[in-house]
1. Being in contact with a strand residue (DSSP E or B) (Cβ under 8 Å, 6 or more places away or on another chain) and within 22 Å of residue 137 (Cα to Cα) is the filter here, so list the residues in the range 9-32 that pass it.
2. If I filter the range 131-141 for residues that are within 18 Å of the chain's Cα centre (by Cα) and without any contact (Cβ under 8 Å) to a residue 40 or more places away in the chain, do I get at least one hit?
3. Could you grab me the full set of residues in the range 27-41 that are touching a residue at least 40 places away in the same chain (Cβ under 8 Å) and surrounded by fewer than 17 Cβ atoms within 10 Å (Cβ to Cβ)?
4. Which residue out of 179, 187 is closer than 22 Å to residue 217 by Cα, in contact with a helix residue (DSSP H, G or I) (Cβ under 8 Å, 6 or more places away or on another chain) and crowded, with 19+ Cβ neighbours inside 10 Å?
5. Please verify whether residue 100 is in contact (Cβ under 8 Å) with a residue 60 or more places away in the chain, in a loop (DSSP other than H, G, I, E, B), touching a helix residue (DSSP H, G or I) at 6+ places or on another chain (Cβ under 8 Å) and more than 20 Å from residue 215 (Cα to Cα), treating the condition exactly as stated.
6. Under 9 Å between Cβ atoms, at least 6 apart or on separate chains: pull out the pairs that start in the range 9-21 with a residue that is in contact (Cβ under 8 Å) with a residue 60 or more places away in the chain and on the phi > 0 side of the Ramachandran plot and end on any residue that is surrounded by fewer than 24 Cβ atoms within 10 Å (Cβ to Cβ) and part of a strand (DSSP E or B).
């Protein structure tokens, strides 16, 4: 299998291209990189359609969290265009009723102007305890949330709430798949990663040590090194 010429990266909820800065800067010697915008649409299928309209004819695809949900939808809509797939700190399940209710509450708060983005209080859910005071992680997370803003946050939450259970669809994916996750990811814990790996025909599961839900930002060197291996 030849190496892909293009790599499309998909950010997570309340994240933008800064999530993938290290990978964007350090993989350009082997691949052309673009970061998709997942802020414009309020459904996962619409996000995937927008991405496919602007992406090269064929490409490698990597998505983190929300980006991973969109990457799975791309595999449903246009599997022939994806040369290899990376699912980073994500999962294939639909939201539970409890999760939907919690997201609905957050949307209502945003609608009445109480959107605060990612506050220091929310950071422990996202990143490893060792990175909570690290400006290269904590500040970047909060700045991304501020740039994405409350209207896009509402759209993204609606999209996540409406996503399907994608586990049965994993079995039809035939391209090489990298499953990469922080060992201490509290949002998409290890059993969710193992569940995806077991359903995929051609998957490699790699856990990043001392890392929470944002591997590409928390452990950029490790993530980029694994991506280089995956792309090659």
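1. Here is the first cut: in the range 9-32, the ones in contact with a strand residue (DSSP E or B) (Cβ under 8 Å, 6 or more places away or on another chain) are 9-12, 15-17, 19-20, 23-24, 27, 31-32.
Result: 9, 10, 11, 12, 15, 16, 17, 19, 20, 23, 24, 27.
2. Looking through the range 131-141, at least one residue is within 18 Å of the chain's Cα centre (by Cα) and without any contact (Cβ under 8 Å) to a residue 40 or more places away in the chain.
3. Across the range 27-41, the qualifying residues are 30, 40.
4. 179
5. no
6. none
Okay, residues lined up against (1) in contact with a strand residue (DSSP E or B) (Cβ under 9 Å, 6 or more places away or on another chain); (2) without any contact (Cβ under 8 Å) to a residue 40 or more places away in the chain; (3) more than 16 Å from residue 12 (Cα to Cα):
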position: 43; (1), (2), (3): no, no, no
position: 47; (1), (2), (3): yes, no, no
position: 54; (1), (2), (3): yes, yes, yes
position: 64; (1), (2), (3): yes, no, no
position: 67; (1), (2), (3): yes, no, no
position: 71; (1), (2), (3): yes, no, no
position: 74; (1), (2), (3): yes, yes, no
position: 89; (1), (2), (3): yes, no, no
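Table: residues versus (1) at pLDDT 95 or above; (2) in contact with a helix residue (DSSP H, G or I) (Cβ under 7 Å, 6 or more places away or on another chain); (3) farther than 22 Å from residue 74 by Cβ; (4) buried (at least 22 other Cβ atoms within 10 Å of the Cβ).
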site	(1), (2), (3), (4)
151	no, no, yes, no
168	yes, no, no, no
172	yes, no, no, no
191	yes, no, yes, no
202	yes, no, no, no
208	yes, yes, yes, yes
215	yes, yes, no, yes
227	yes, yes, no, yes
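The values are calculated or read from the model by the stated rules, or taken from the named source; none is laboratory data. These numbers were taken from a predicted model, which means no experiment stands behind them. So basically every Cβ, Gly included, is an ideal-geometry build from the backbone, and we count neighbours across all protein chains shown.
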